[in-house]
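> What follows is a single structure, and I will ask about it in a moment.
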Amino acid sequence: MNTQDHKYSRPEPAIRNMPLPGDANANGDIFGGWILSQMDLAGSIVANERAEGRTVTVAVEGMKFHRPVFVGDTVSCYARVVRVGSTSITVDIETVAKRRNLREEVTVTEGTFTYVAIDDEGNPRNVK
Ligand SMILES: CC(C)(COP(=O)(O)OP(=O)(O)OC[C@H]1O[C@@H](n2cnc3c(N)ncnc32)[C@H](O)[C@@H]1OP(=O)(O)O)[C@@H](O)C(=O)NCCC(=O)NCCS
């Protein structure tokens, strides 16, 4: 790792959002796809910073849904770069939900997202 990677050695808050009723299924739980998109956005923010440019998502691994997310929760994604390859950047992401009207915070999901830095033609670009 180069010195720039040290700032990613700890999870950083990359995104915070609140799901709305339109993001919920008939049970009132938030769709997994909504949570995945938040995680993907969070990961791409730190990956783009590390890549100093555009990246695309190439893989999602180890995705776990531990607890449900509800309308009105405050949802935060913490992201940490765990690997930098020649053109790829791998980011561990943990999502935490703060329940409405409660101080309780719970880990709701985690997953490992890999991004590839690309050039203007969409071809992999070196990030080392
Ligand atoms: C990402 C993309 C540019 C890679 O192109 P490619 O020609 O297959 O590139 P390569 O095979 O050289 O792989 C590039 C890097 O990705 C990594 N990679 C490829 N597939 C992977 C996978 N399933 N899991 C983890 N890493 C993977 C490779 O190991 C390589 O990393 P490295 O250079 O750090 O060693 C191309 O597959 C693509 O455009 N995919 C669509 C992306 C997309 O639309 N995402 C959704 C919207 S953002």
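The values are calculated or read from the model by the stated rules, or taken from the named source; none is laboratory data. Predicted, not measured: the structure shown is a model, and the values here were computed from it. Positions of Cβ are generated from backbone atoms using ideal geometry, with glycine treated the same way; all protein chains shown enter the neighbour counts.
> With respect to Thr95, is the statement that it is in a strand (DSSP E or B), of a type in the set (S, T, N, Q) and over 17 Å from Ser37 (Cβ atoms) true? Reasoning before the result, please.
On the way: in a strand (DSSP E or B): yes; of a type in the set (S, T, N, Q): yes; over 17 Å from Ser37 (Cβ atoms): no.
In short, no.
> A further question follows. Among the residues of the stretch 109-128, write down those that are part of a strand (DSSP E or B) and of a type in the set (Asp, Glu). Steps first, please.
Narrowing the stretch 109-128 to residues part of a strand (DSSP E or B): 109-118, 124.
Correct list: Glu110 only.
> Consider Arg83 carefully, then state whether it is assigned to a strand (DSSP E or B) and either among the charged types (D, E, K, R) or modelled with pLDDT under 95 (or both).
Values: assigned to a strand (DSSP E or B): yes; either among the charged types (D, E, K, R) or modelled with pLDDT under 95 (or both): yes.
Spelling it out, Arg83 is indeed assigned to a strand (DSSP E or B) and either among the charged types (D, E, K, R) or modelled with pLDDT under 95 (or both).
> Any idea which residue in the stretch 70-91 is farthest from Ile118 (Cα to Cα), counting only those that are within 16 Å of the ligand (Cβ to nearest atom) and surrounded by fewer than 18 Cβ atoms within 10 Å (Cβ to Cβ)?
Going through the qualifying residues, I end up with Val82.
> Follow-up question, since we're still on this one. For the stretch 10-65, which positions are more than 28 Å from Arg125 (Cα to Cα) and either among the basic types (Lys, Arg) or in a strand (DSSP E or B) (or both)?
Filtering the stretch 10-65 for residues more than 28 Å from Arg125 (Cα to Cα) gives 16-35, 64-65.
If the condition is that a residue be more than 28 Å from Arg125 (Cα to Cα) and either among the basic types (Lys, Arg) or in a strand (DSSP E or B) (or both), then Arg16, Asn17, Ala24, Asp29, Ile30, Lys64, Phe65 are the ones that fit.
> I'd like to check something: does the stretch 18-40 contain any residue that is among the hydrophobic types (A, V, I, L, M, F, W, C), touching a strand residue (DSSP E or B) at 6+ places or on another chain (Cβ under 6 Å), within 15 Å of the ligand (Cβ to nearest atom) and in contact (Cβ under 8 Å) with a residue 12 or more places away in the chain?
Taking the stretch 18-40 and keeping what is among the hydrophobic types (A, V, I, L, M, F, W, C), we get 18, 20, 24, 26, 30-31, 34-36, 39.
Those still in the list that are touching a strand residue (DSSP E or B) at 6+ places or on another chain (Cβ under 6 Å) too: 18, 24, 30, 35, 39.
Narrowing the set further to residues that are within 15 Å of the ligand (Cβ to nearest atom) leaves 39.
Then keep just the ones that are in contact (Cβ under 8 Å) with a residue 12 or more places away in the chain; that gives 39.
So far as the stretch 18-40 goes, yes, one or more of its residues are among the hydrophobic types (A, V, I, L, M, F, W, C), touching a strand residue (DSSP E or B) at 6+ places or on another chain (Cβ under 6 Å), within 15 Å of the ligand (Cβ to nearest atom) and in contact (Cβ under 8 Å) with a residue 12 or more places away in the chain.
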